[in-house]
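Here the structure comes first, spelled out in C-alpha cells, and everything after it is commentary.
The values are calculated or read from the model by the stated rules, or taken from the named source; none is laboratory data. Computed from a prediction, not measured in an experiment: that's the story for all the values here. No Cβ is skipped: glycine too gets one built from the backbone with ideal geometry, and neighbour counts run over all protein chains shown.
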C-alpha cells in the first residue's frame with residue numbers, strides 16, 4: 001500500500017487528539033512515509049503556509065470518539081479550511097449523526113482505527129483519483145453539488161424522459177466535460193428510469209430505511225447503476241415498499257454520500273406526495289415542474305407551483321411542458337395563453353417527437369440516437385437552467 005501513497009503529490013500531517021498517544025502510530029508511519037506530526041490545529045495552518053502551495057495537505061487525526069468537545073472543534077476546522085486541507089478522522093466507531101456532520105463539511109472523512117492504515121490509504125487513493133479527474137475536466141471540488149428536483153404535475157407527463165434526456169445532454173456536452181452527474185429515482189414502487197436506459201435497478205432502499213447508519217461507501221457502490229453515457233443512476237427495483245414509511249434519516253444518509261461524489265444530482269420525484277417530499281424538495285437548489293400543454297394539466301401545474309412556493313420559499317423554479325404540438329413554423333399553439341397564465345415564470349417547451357416511443361422500447365435515450373442533434377437543440381435551454389443553478393447550501397458543522 002505504501003507504493004500507492006508514495007506517488008501522491010500531497011503533504012501529510014499527523015495530529016493526535018486527547019488520550020490517543022501511540023495509537024496506530026507504527027502502522028500509519030509505515031504506510032505513509034514522510035508523515036509529519038503536529039501538535040495542534042493552529043500548527044497545521046502554520047506548517048501548511050511553508051508547504052508547497054501546489055500540494056494538497058491531508059491531516060490524519062487520531063482521536064477518541066467520546067470527546068465531543070474535540071470533535072466539535074475538528075468539524076469546525078474542517079468546514080473553515082475545506083478548500084486547502086482535508087482531514088481523516090481515525091477512531092473507533094462513531095455515530096451516524098457524527099459521521100454526517102463530519103462529511104458535510106466537504107473537507108473530512110472517517111476511517112476505523114480497527115482497520116489500521118488500510119481504510120486511510122483507500123480514502124487517500126480515492127481523493128487523488130477525484131483530484132486528477134477534476135484537474136482534467138476543470139471541475140472544482142470546492143463547490144457544493146447542485147441538486148435539481150424534477151416534479152411531475154400529474155402522471156404520464158414524461159417526467160422521467162425529461163430528466164434522462166437533460167442529464168445525458170449535460171453529460172455528453174463539450175461545455176461540461178467529465179462532469180459527474182447522477183439521477184436518483186425516489187419512485188420506489190413504480191420506478192422505470194432503468195427501464196428507459198435498458199439497465200438494472202439496484203437501489204435496495206429497504207436495506208437501510210430503518211437503519212441509516214448501515215449505509216456506507218461500499219453499500220452505495222452496490223446500489224449504483226452506471227450507464228454507458230457516463231451518468232450514474234440510483235433507482236430501486238419495482239416493489240410494494242411502503243414509501244410513506246420511509247425514514248427521512250435514510251434519505252439524508254443517501255444524499256449525504258451522493259453529494260460527496262457528484263457535481264449535479266437530478267431527483268426524479270413520484271406524483272404522490274409523502275411525509276418526506278417537502279423536506280427533500282426544500283433541500284434542493286432548483287426544481288423543474290413537468291407537465292403537458294392541456295387546460296386540465298395546466299391547472300395541475302399551477303397547483304404544483306403553489307405547493308412548491310409554500311414548501312421552499314427561495315427555490316428557483318422552472319416549468320417544462322412536454323410533448324407540445326408545433327406548427328409548420330415551429331411555434332407552440334397557445335403559447336401566449338400559457339405565458340399569460342404563468343407570468344414571470346421560466347418556461348420551457350419540449351416538442352412531441354415520433355421517435356420517443358421507439359426510444360423507450362429500445363432503451364436508448366433520444367439524446368444518444370439518430371435524432372441527437374435535433375434533441376440537443378430541443379433541450380439546450382432546459383439543460384442550461386439546470387447547470388446554471390448554484391448551491392444555496394452553506395457548509396455547516
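Observations on the structure shown:
- Set 93, 128, 76, 84: member being more than 20 Å from residue 29 (Cβ to Cβ) and in contact (Cβ under 8 Å) with a residue 60 or more places away in the chain: 76
- Inclusion of residue 8 among residues that are modelled with pLDDT of 80 or more and out of contact with any strand residue (DSSP E or B) (no Cβ under 7 Å at 6 or more places or on another chain) is not warranted.
- Within segment 232-245, if we keep just the residues that are touching a helix residue (DSSP H, G or I) at 6+ places or on another chain (Cβ under 7 Å) and under 20 Å from residue 151 (Cα atoms), the residue that is modelled with the lowest pLDDT turns out to be 236.
- Residue selection: residue 202 fails the criterion of being under 23 Å from residue 161 (Cβ atoms), part of a loop (DSSP other than H, G, I, E, B), at pLDDT below 90 and in contact with a strand residue (DSSP E or B) (Cβ under 9 Å, 6 or more places away or on another chain).
- Flag for residue 222 being more than 24 Å from residue 271 (Cβ to Cβ), free of Cβ contacts under 8 Å to residues at least 60 places away in the same chain and in the same structural domain as residue 371 (by TED's automatic domain parsing): yes
- Taking the criterion of being in contact (Cβ under 8 Å) with a residue 40 or more places away in the chain and outside any helix (DSSP H, G or I), the residues of segment 353-392 that qualify are 363, 364, 365, 389, 390, 391, 392.
- Test: residue in segment 169-179 that is in a loop (DSSP other than H, G, I, E, B), closer than 21 Å to residue 280 by Cα, outside the structural domain of residue 95 (by TED's automatic domain parsing) and in contact with a helix residue (DSSP H, G or I) (Cβ under 9 Å, 6 or more places away or on another chain): no
To keep it simple, each residue is scored yes or no on (1) modelled with pLDDT under 80; (2) more than 28 Å from residue 324 (Cα to Cα).
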| position | (1), (2) |
| --- | --- |
| 147 | no, no |
| 151 | no, no |
| 157 | no, no |
| 160 | no, no |
| 174 | yes, no |
| 179 | yes, yes |
| 187 | no, no |
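- Hits in segment 328-377 - residues which are touching a strand residue (DSSP E or B) at 6+ places or on another chain (Cβ under 6 Å) and at pLDDT 90 or above: 345, 346, 347, 348, 349, 350, 351, 352
- Boolean, residue 191 is part of a loop (DSSP other than H, G, I, E, B) and surrounded by 19 or more Cβ atoms within 10 Å (Cβ to Cβ): yes
- Meets criteria (touching a residue at least 60 places away in the same chain (Cβ under 8 Å), touching a strand residue (DSSP E or B) at 6+ places or on another chain (Cβ under 9 Å) and part of a loop (DSSP other than H, G, I, E, B)) for residue 157: yes
- Any hit, segment 224-237, residues being farther than 30 Å from residue 305 by Cα and in a strand (DSSP E or B): yes
- Checked against (1) under 18 Å from residue 263 (Cα atoms); (2) loosely packed, with under 15 Cβ neighbours inside 10 Å; (3) in contact (Cβ under 8 Å) with a residue 40 or more places away in the chain, residue 240 passes all but a single condition, namely (1).
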